[in-house]
Amino acid sequence: MPKEKLSPEGEVIAAHGAAMVAAFQVLLSCLEENEAVHPGQFPEALRVYMEMVKSRQGDINDMTLALLHDIRMATLD
């Protein structure tokens, strides 16, 4: 199925999200190499945070949750 063409604003949002995910992957890799965090520690902490804020109505918007989810999934590898 072909992807829909994004609006210019949508392209900016998608590029921003992809850059954020990549930056977190690099940061986490560096932290794990220097033993500042244990493998899996960051994604688990992010999961706990997301569950906590989802339980409180109005504290976080859907776009932010989607970006946090993408970061968490990318850092699980």
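The values are calculated or read from the model by the stated rules, or taken from the named source; none is laboratory data. On a predicted model such as this, the values are computed, not experimentally measured, just so you know. Note: ideal-geometry Cβ built from the backbone for every residue, glycine included; neighbour counts use all protein chains shown. Heads up: the accessible areas ignore ligands, DNA and RNA and are worked out on the full protein's heavy atoms, side chains in. Shrake-Rupley method; radii C 1.70, N 1.55, O 1.52, S 1.80 Å.
Tell me, which longest segment in the chain has none of the trypsin sites (Lys or Arg not before Pro) that fall in DSSP loops with at most 13 further Cβ atoms within 10 Å?
Answer from the scan: 6-55.
With N set to the residue count of the chain, report its C-alpha Rg divided by 2.2 N^0.38 Å to two decimal places.
After normalising by residue count via 2.2 N^0.38 Å, the value is 1.27.
If you count only protein heavy atoms with a 1.4 Å probe, what accessible area per residue comes out for the chain, rounded to a whole Å²?
78 Å²
Please work out how much length the chain gains when fully extended from E4 to H38, using 0.36 nm per residue of separation minus the C-alpha to C-alpha distance, in nm with one decimal.
8.3 nm
Suppose we flag GluC sites (Glu not before Pro) only when DSSP calls them loop and at most 14 other Cβ atoms lie within 10 Å. Which is the longest uninterrupted stretch of the chain?
Maximal segment without exposed cleavage sites: 36-77.
On a full-extension model of 0.36 nm per residue, what is the gain between I13 and A74, subtracting their alpha-carbon distance, rounded to one decimal in nm?
Contour length minus the Cα-Cα distance gives 20.2 nm.
Residues with beta-carbon under 15 Å from that of T75, excluding T75: net charge, scoring Lys, Arg +1 and Asp, Glu -1?
Combined, the nearby Lys, Arg, Asp and Glu give -3.
How far apart, in nm, are the 7 Å Cα→Cβ label points at M20 and Q57?
With each label placed 7 Å out from Cα toward Cβ, I get 2.5 nm.
For the chain, what is the calculated [θ] at 222 nm in deg cm²/dmol (nearest 500), taking -39500 (n - 2.57) for each run of four or more DSSP H residues and dividing by its residue count?
-23500 deg cm²/dmol
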